Amino acid sequence: ASSVVSGRILCPLETVNYYLYHVLVNHEGAEVVAGFDLVNNLKAVKNETEIKNTHNAQVKDSCALVGAMQEIYEKLDAGELVTEYDVREILEVHRSRQPLNYGSSFGAIVAYGANAAMMHYSATEESNYKLEPRDLFLVDSGGQYFDGTTDITRTIALGPIPENVRKDFTNVVRGMIRLSKAKFLYGCRGYNLDILARGPLWEEGVDYKCGTGHGIGFVLNVHEGPNGFRWKVREDIDDSCILEEGMVTTNEPGVYVENSHGIRIENEIVVRKAEKNEYGQFMDFEVITFAPIDLDAIDESLILKDEKVYLNNYHKQVYDKISPYLNEEEKQWLKTYTREI
C-alpha cells in the first residue's frame with residue numbers, strides 16, 4: 001500500500017467517505033490536500049465516441065418506452081387492471097428486449113394522479129394506485145446499456161383532465177422547448193439559462209422546488225456533476241459550472257401541486273458548438289431523447305407559433321428515428337401519437 005498511496009493526495013472532502021479519508025490522513029508518506037475532484041470535469045465532457053454510443057442507447061430506450069406506453073394504453077382500453085407496480089414491470093420487460101441492456105439506471109418513479117405531486121414518489125402496497133381512464137400519469141425511468149445511460153420522464157393523460165392541469169402541462173412543455181432551443185455565448189452556466197425553462201410557469205406565478213436538470217454519466221451514475229440547470233447557485237450541490245461542449249444534461253421542468261397532480265417532461269440534451277464570430281463562440285443544444293410528448297394534454301391556444309413548429313419537427317424526428325425498430329402495432333400507435341398540431 002505504501003508504494004501506491006504516497007506523496008500528495010488530492011481529496012475532495014465534500015464527497016469522499018470518512019473511512020477512506022481516515023486511511024489517507026493516517027498513512028505514512030501521504031499528504032492529504034483538500035480540493036476539487038478533477039475527475040468530475042473529465043467525466044462530464046463526453047468525447048465523440050461516447051456521444052455516438054449515447055445516441056444509440058437513447059434510440060433503444062425511446063423504443064422501449066414507446067412499446068411500454070402502447071402496451072399500457074392497450075391494456076387500459078381492454079379494461080384490464082393496471083397498477084403503478086405493473087407499469088414498472090412493463091418498463092423492465094421492454095427495456096430487457098433492447099440490445100446491450102443490463103437493467104434500469106435507477107428505480108423508476110411511476111406515479112398516478114396525486115402521487116405524481118411527490119417528486120421522488122415510490123409506490124408501496126398501500127399507495128399502489130390502480131390506473132383509471134382519467135387524469136395524469138407520470139413515468140420517470142431510465143436504462144443502463146453498454147453504450148450509454150438514459151433518464152427520461154413523460155407525463156401522460158389517461159383520459160379527461162381539468163383545464164388548470166392542462167394549462168400547467170402546456171407551460172411545462174413550453175419551458176422544456178424554450179430551453180431546448182437555447183443559443184448562448186460560451187461561458188454561460190446552467191443558472192444563466194434556467195429562466196428559459198421556468199419562464200412560462202413564472203409568468204403564471206408557479207414554480208417547482210428543484211433544479212431543472214442534472215448531468216448524466218456515461219455507463220455510470222444517472223446523476224453527475226458539475227453541470228446542471230438551476231435558477232440560483234447552491235453551495236451544497238456541484239452543478240453550476242461553465243457549460244462545455246460534450247456535456248450531457250437533462251432538461252426537466254415540472255409542476256407539483258400537493259393532493260392534485262404532478263407533471264414533468266424530461267429530455268437529455270448535449271452541449272455543442274454553434275458559430276463563432278466577432279461576438280465570441282456561440283453554443284447550443286442537441287436533443288438526444290426521442291420519445292413522444294402527449295398532445296392530448298396540451299392546450300394548443302397557449303402554444304406560441306415557434307413552439308408549435310418545434311414540437312411538430314421534434315415529433316417528426318421521433319417517428320423517423322424509432323419507427324424502423326417498432327412492430328406494426330407500435331408503429332401505427334406512434335404515428336397517431338406524433339401527429340402534427
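Those residues that are among the aromatic types (Phe, Trp, Tyr) and within 30 Å of the chain's Cα centre (by Cα), I need them from region 15-41; list them, please.
Step one: list which residues in region 15-41 are among the aromatic types (Phe, Trp, Tyr), which gives 18-19, 21, 36.
The one that is among the aromatic types (Phe, Trp, Tyr) and within 30 Å of the chain's Cα centre (by Cα): Phe36.
Scan region 15-30 residue by residue and report those that are assigned to a loop (DSSP other than H, G, I, E, B) and open to solvent by 60 Å² or more (accessible area, probe 1.4 Å).
Of region 15-30, the ones assigned to a loop (DSSP other than H, G, I, E, B) are 15-17, 26-29.
Result: Thr15, Asn17, Asn26, Glu28.
Mind listing whichever residues of region 230-269 are open to solvent by less than 10 Å² (accessible area, probe 1.4 Å), of a type in the set (Gly, Ala, Ser) and closer than 21 Å to Met176 by Cβ?
Gly254, Gly262
Counting only residues that are without any contact (Cβ under 8 Å) to a residue 24 or more places away in the chain and of a type in the set (A, V, I, L, M), which one in region 36-92 is surrounded by the most Cβ atoms within 10 Å (Cβ to Cβ)?
Looking at the filtered set, the residue picked out is Ile90.
Just to be sure before I move on: is Gly211 surrounded by fewer than 16 Cβ atoms within 10 Å (Cβ to Cβ) and assigned to a loop (DSSP other than H, G, I, E, B) in the structure I sent?
Details: surrounded by fewer than 16 Cβ atoms within 10 Å (Cβ to Cβ): no; assigned to a loop (DSSP other than H, G, I, E, B): yes.
It is false that Gly211 is surrounded by fewer than 16 Cβ atoms within 10 Å (Cβ to Cβ) and assigned to a loop (DSSP other than H, G, I, E, B).
How about region 195-210: which of its residues are touching a residue at least 24 places away in the same chain (Cβ under 8 Å) and among the small types (Gly, Ala, Ser)?
Ala197, Gly199, listed by residue number.
Which count do you get for residues in region 303-319 that are under 17 Å from Gly67 (Cβ atoms) and open to solvent by 10 Å² or more (accessible area, probe 1.4 Å)?
Matching residues across region 303-319 total 1.
The values are calculated or read from the model by the stated rules, or taken from the named source; none is laboratory data. Not measured: the values here are computed from a predicted model. Backbone-built Cβ (ideal geometry, glycine too); neighbour counts: all protein chains shown. The area values use the complete protein model at the heavy-atom level, side chains included, leaving out ligands, DNA and RNA. Shrake-Rupley method; radii C 1.70, N 1.55, O 1.52, S 1.80 Å.
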